[in-house]
Amino acid sequence: MLHKTFFYTMAALFFLIPAAAGFTGAPAADRSSAPGPKQEQIRAFIYHHFGMEDQYPSTSVSVDQFKDHLDYLDTHDYTVLTLGQALDRLFSEKGVSEKTAVISIDDGYRSVWDNALPLLEKYGYPATIFIATAYVGGDNYLSWDQIQQLRKKGFEIGNHSHGHAYFLNKPKEEIADAFEADLKKSHAQFRRHLGHVPELYAYPAGEYSPEMADVLKKYDYRAGAAQKSGVIHRGGDRFALPRFPMNVNYAEMESFEEKIGMNALEVTKADPESPLVTPKNNPPALELHIRKNKINPDGLQCFVSGEKDCKMEISEKNKELVVEVRADDALTSRRTLYTLTAPSKDGSEWFWYSHSWVIPEKKPPQQ
Ligand SMILES: [Zn+2]
């Protein structure tokens, strides 16, 4: 359940960005975006393992790093909410406070209990833990008893599938059925052990498609979380929420501070919505409609994970920027991100948007 390719591609992406540029955040696309003041965004982080960096460097933070993160949130007066609480506030009239952060933890590893829980309890912070039900009780994983106790302590339990499968490996017309069959298996487990089905879902390995999002909507899920860097925004797609991945190489305070200070590049439409790359559309073209009221459009830059170059064609329509971005060369990794960044008008802040691409024929990262 390690997401090595993803982290390696993220690593490559981070190397490509000049340090002076800082890191900024962005929402997924949506067609019904409203202009949002700054309090309409949430910075969410994904963790997997804690204190397991020797075995799992691509998905673990050290205990000291995690403590530093919590200490930063505490000393800088951040409000730390579960993802469900944060979304409640984001979509309320009032919006969230500017300093709102979410700690999310995928897979449900045992080190959550052993190494993260004592610190979270010390600081009084909740977290949202996404559980893959087939693995509960296995070596290295939380037990249902521990998950029940975590829920009693105020932690939010989300769904991370039953079998942690790569659903996009199925032929396109079979994705929805395979996803729904797995969802039903996870629901049976959640009902049996927790008495209810979660309201939030995190896609295994962060790989999602519109077909999967439609199944989640059919089962009344409130949101689906992806694994692409960026800031959750009120105008973004609730079924492809961005989160910043944390691992030992990118969890140092400088990197954490840059991410907690990022802003959402307000994309109001992304075409295509599907992440699937086919031989005919490789490298894929992405068209984004971007609100320009907060950014300096002259500073817009594109990046492709895996160190490829990219080109943008920028025009204007209905007071929005229309940006077509495309890598110069064909994508070769299973997962690739196109990322756009822009500075604020005065250059003091940064804005970010990432779009995921998946080539299902490529092998998933090693488990
Ligand atoms: Zn996972």
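Would you mind telling me the antiparallel percentage of the DSSP bridges in region 269-358, rounded to 5? Each step should come with its number before you reach the end.
Numbers: 33 of 34 bridges.
So the antiparallel bridges in region 269-358 amount to around 95 percent.
Fewest first, what order do 106, 309, 298 take by the number of other Cβ atoms within 10 Å? List each step's numbers first, then the result.
Details: 106 30, 309 11, 298 8.
Neighbour counts put them in this order, fewest first: 298, 309, 106.
Kindly work out what percent of the DSSP beta bridges joining two residues of the chain are antiparallel, to the nearest 5.
Numbers: 37 of 67 bridges.
Restricted to the chain, the bridges split so that about 55 percent are antiparallel.
For residue 195, what charge total do you get from the other residues with a beta carbon under 13 Å from its beta carbon, if Lys and Arg give +1 and Asp and Glu give -1?
Values: positive: 151, 152, 191, 192; negative: none.
Local charge sum for residue 195: +4.
Percent antiparallel among DSSP beta bridges with both residues in region 83-236, to the nearest 5? Walk me through the numbers before you get to the answer.
Numbers: 1 of 13 bridges.
Once the DSSP bridges in region 83-236 are tallied, antiparallel ones form about 10 percent.
Here the average projected area of the convex hull drawn through the C-alpha atoms of region 236-367 stands at 9.2 nm².
How big is the charge dipole of the chain about its Cα centre, in debye rounded to the nearest 20, if each Lys and Arg gets +1 on its Cβ and each Asp and Glu gets -1 on its Cβ?
Working: 42 positive and 50 negative charges, 160 e Å.
It comes to approximately 760 debye.
Around residue 261, what is the net charge, scoring Lys/Arg as +1 and Asp/Glu as -1 over all other residues with Cβ under 9 Å from its Cβ?
On the way: positive: 43, 259; negative: 257, 258, 349.
Around residue 261, the surrounding residues sum to -1.
The distance between label points at residue 122 and residue 75 comes to 1.4 nm (points 7 Å beyond Cα on the Cα→Cβ vector).
Remark: region 269-358 carries a charge dipole of roughly 240 debye about the Cα centre, counting +1 on each Lys and Arg Cβ and -1 on each Asp and Glu Cβ. Close amide H pairs (under 5 Å, H built 1.01 Å from N) link residue 159 with 131, 200, 201, 202, residues at least 5 positions away or on another chain.
The calculated FRET efficiency for the pair residue 312 and residue 145, based on their C-beta separation and a Förster distance of 56 Å, comes to about 0.60.
Counted by Cβ distance under 13 Å from residue 275, the other residues give a net charge of 0, where Lys and Arg count +1 and Asp and Glu count -1.
Report the residue, chosen from 188, 213, 116, that carries the largest GNM mean-square fluctuation when the chain is represented by alpha-carbon nodes joined by springs under 10 Å. Looking only at 188, 213, 116, the biggest GNM fluctuation is shown by 188.
Pairwise inverse Cα distances across the chain, averaged and inverted, put the Kirkwood hydrodynamic radius at 20.4 Å. What does a probe at residue 361 reach in region 258-293, counting residues whose amide N is under 18 Å from the point 7 Å along Cα→Cβ? Only 275-285 fall inside the zone, counting backbone N under 18 Å.
Name the residues of region 72-86 whose amide N is less than 13 Å from a point 7 angstrom out from the Cα of residue 344 along the C-beta direction? Nothing falls inside the zone, counting backbone N under 13 Å.
How would region 74-145 be classified by its alpha-carbon gyration tensor: rounded, prolate or oblate, with rounded meaning a/c under 1.5 and the a/b versus b/c comparison settling the rest? Kindly include the intermediate steps, with their values, before the conclusion.
Numbers: a/c = 3.86, a/b = 1.75, b/c = 2.20.
Here region 74-145 falls in the oblate category.
Site pair residue 196 and residue 219 shows an inter-label distance of 1.6 nm when each label is modelled 7 Å from Cα along Cα→Cβ. Placing a pseudo-label 7 Å from each Cα along the Cα-to-Cβ vector at residue 274 and residue 293 gives an inter-label distance of 3.5 nm. Placing +1 on the Cβ of each Lys and Arg and -1 on the Cβ of each Asp and Glu in region 269-358, which of 315, 357, 330 has its Cα farthest towards the positive end of the resulting dipole? Toward the positive end, the furthest listed residue is 357.
If you take the alpha carbon atoms of region 318-363 and fit the smallest convex hull around them, that volume is 104 Å³ per residue.
Where a number appears in this text, it was derived from the coordinates with a stated rule and is not lab data. Just so it is clear, the model here is predicted, and its values are computed rather than measured. Reconstructed Cβ throughout: ideal geometry from the backbone, glycine too, with neighbour counts over all protein chains shown.
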